[in-house]
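The values are calculated or read from the model by the stated rules, or taken from the named source; none is laboratory data. All of these numbers come straight from a predicted model, not from anything done at the bench. All Cβ positions, glycine included, derive from the backbone under ideal geometry; neighbour counts span all protein chains shown.
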Amino acid sequence: MNTCEYAGDPFPEPRSHPWLGSASDSAARYYDLTESPHLIRSALEDFVPWARYSAIEAFYALVQRLNHAQSALETNDCAFIGPHPNDEPGVPKALLCSGRLMVLFRALEQNTTGTSVSALKNALHRALAEQDSGFAWGLVGTTLIPTRYLALPERANEQLGSQLMISFWAWGDGEADTMKNLERLFTNLSRAFRAVARGTGRS
């Protein structure tokens, strides 16, 4: 399927893991989904209003897999904007939905080496390129986001590293069609992460 490297929205300073609050939503809070997987279907507030669509269950299954005890990865944050008028003139569809998922290595030091997160990004692009080549109405973008890992030692900038922001877009002619294409995107993303995990010997 189609992928790109996405510039993303600029961040004035490194994000933190765990993050300590949201400037855009005072009610938002960080949940460690490796410790509390039962919260996946209730705490990701942007997705809950759309739970009637199977695309959202596909997303929850992806997040659950990434935070599983046997996974080398975990998630840090996510966001979703449901179907709304498409303002991209190059895409001949009426509606667009979009969002993001932040992914990092569970062994926090791996996120600070300067190479591991970049290698994860490249492996994900390769795996997605092998998925669903006929799918035209979805796009996955990747961005390396500077991150401060608060659980690591503060000395000599040992907390500074990055995490992988996975942005996604799906288009359709109507709400149901858009969410069906979103489900297809999440299915492809799940398969790609399984291929990446096989390459690293982790589930």
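Side notes on the structure shown:
- Subset of the range 162-190 (residues that are crowded, with 17+ Cβ neighbours inside 10 Å, part of a helix (DSSP H, G or I) and aliphatic (A, V, I, L, M)): Met179, Leu182, Leu185, Leu189
- The range 96-115, residues that are touching a strand residue (DSSP E or B) at 6+ places or on another chain (Cβ under 6 Å) and part of a helix (DSSP H, G or I): Leu108, Asn111, Thr112
- Taking the criterion of being of a type in the set (Gly, Ala, Ser) and part of a loop (DSSP other than H, G, I, E, B), the only residue of the range 45-60 that qualifies is Ala51.
- Checked against (1) of a type in the set (Phe, Trp, Tyr); (2) free of Cβ contacts under 8 Å to residues at least 60 places away in the same chain; (3) surrounded by fewer than 20 Cβ atoms within 10 Å (Cβ to Cβ), Phe135 passes all but a single condition, namely (2).
- Boolean, Ala43 is among the small types (Gly, Ala, Ser) and at pLDDT below 95: yes
- Scope the range 138-161; condition in contact with a Pro (Cβ under 6 Å, 6 or more places away or on another chain) and buried (at least 20 other Cβ atoms within 10 Å of the Cβ); matching residues: Thr147
- Thr147 vs. criteria in a strand (DSSP E or B) and farther than 18 Å from Thr34 by Cα: yes
- Some residue of the range 61-71 being at pLDDT 95 or above and part of a strand (DSSP E or B): no
- Number of residues in the range 151-203 that are under 18 Å from Ala72 (Cβ atoms) and either at pLDDT below 90 or of a type in the set (S, T, N, Q) (or both): the value is 9.
- Residues that are modelled with pLDDT of 85 or more and small (Gly, Ala, Ser) occur at least once in the range 23-39.
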